[in-house]
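J.: Input: one structure, supplied below.
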Amino acid sequence: MASLQASNFVVSSSSSSNQIRDAISLPKLPSVRFSAPKLQQPTIQTEQLNSKDGFINTIPIQNNVHSTPLVQESSSVSMATFQLYAILEAIADRVEMHKNIGEQRGNWNTLLLNSINMITLTAATMAGVAAATGVGAGVSVTGLKLASSVMFSAATGMLVLMNKIQPSQLVEEQRNATRLFKQLQSQIKTLLAVGSPCQDDVNDAMEKVLALDKAYPLPLLGVMLDKFPASLEPAVWWPTKQSKNSNKALKNNNGWTKELEMEMRGVVEVIKRKDSEDYERLGNKALNMNKVLATSGPLLTGIAAIGSAFMVSSNSPWAATVAAVAGALASAVNTFEHGGQVGMVFEMYRNNAGFLKLMQESIESTLDECDVEKRENGELFEMKVALQLGTSLSELRDVAKKSSYSRIEGSPMDEFASKLF
């Protein structure tokens, strides 16, 4: 009986499921066939290695790795190109170093200036308070007097060190070094882009990098530039013997004419008689002013320290007055020297004089080359000189004509060759 009921249940369930399946009819989707590309199995060579435990390991080694095109590609590039790219990497590193050190020394100038002024003004205030309190009801102010004397002495030592290294001038040195290294970097990139470099180009680039390292040293001890020379000497950041650029002739005589040579000689004459002399004169004025300020600041703080020391041993009001007044004057002198960045102004004039000296030597070395085919193209050279001096070609020619007229007539030259700064 139970078996009959089970069979009836199965029959009924199968019939009901058929009814549900007939009720829900899904549309037939068209069959889409994808054809995958056949992958070629790489040739694998197995090398069997016996381990200490007796197991055998198989290491697949692919034989379809071809290095011939890379070798052929690298062999087509000259060794001079590889060397110039290595020099570019070194220049990029130097740019970053000079930039970071310039920012650090700029922070030195700000922090030392603010710290020394705060110390000096605080000491002067304490000296004045001690003198005013001591004159009153006989209150002991020995602590204020001692603290004032110590602070003036500390300010004197810090000011001597700051005036010795001239942080604002150090910042200007690193700023110029960064700019000149970037300029050299762009010159090498241009050479790699439009020219076929040779070993002479590599040697020239190396000499320029080393000359810049010598002109703008990074360390402070031993190789730091003299901040107080006897007179202004133009900065020199180029090799002593400059290599002459040789370009193929674009025209007859490689773009050089007698008129162009006379024009370049006139520009050199103006640079010598007017621009260089003017920058040297202004640079020497900034140098003398910096010397006076660098001597006056520590001298005034030293006088203030001596005056505050006499305040400790005696109750003389004159000692307190001298300490307070000298401290205030020292703070004003220090602010004018380092806040006004007089050292930076001197370094700016020194670099400008160096730029004019470089222009002068570059033009003279080009004109001294007798073979015009070995010179740089004349028209291109004239355009470069005009761009570096910040003038147009017509203005450059007018300057050369005025130079010849003033030389013939014996009258002073009233126009500068450089309009850039």
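J.: Using the beta-carbon distance between residue 121 and residue 224 and R0 = 30 Å, what value does 1/(1 + (r/R0)^6) give for FRET efficiency, to the nearest 0.05?
T.: 0.50
J.: Then there is this: Label points 7 Å out from Cα along the Cβ direction at residue 100 and residue 179: separation in nm?
T.: 2.4 nm
J.: Rounded to whole Å, give me the distance from the Cα center of segment 352-420 to that of segment 165-210.
T.: The distance from the Cα centre of segment 352-420 to that of segment 165-210 comes to 23 Å.
J.: Over the Cα atoms of segment 264-379, Rg to Rh with Kirkwood Rh, two decimal places?
T.: For segment 264-379, the value is 1.39.
J.: Follow-up. How much FRET efficiency would the formula 1/(1 + (r/R0)^6) give for residue 272 and residue 189, where r is the Cβ-Cβ distance and R0 is 35 Å, rounded to 0.05?
T.: Once rounded, the FRET efficiency stands at 0.60.
J.: Rank by packing, highest mean first: peptides 216-224, 337-345, with packing defined as the count of other Cβ atoms within 10 Å averaged across residues. Don't skip to the answer; put the middle values down first.
T.: Values: 216-224: 11.6, 337-345: 21.3.
Top of the packing list down: 337-345, 216-224.
J.: Beta carbons within 10 angstrom, averaged per residue: use that to sort the peptides 145-151, 405-411, highest first.
T.: 145-151, 405-411
Where a number appears in this text, it was derived from the coordinates with a stated rule and is not lab data. All values reported here derive from a predicted model rather than from experimental measurement. Methodologically, a virtual Cβ is constructed for each residue, glycine included, from the backbone with ideal geometry; neighbour enumeration extends over all protein chains shown.
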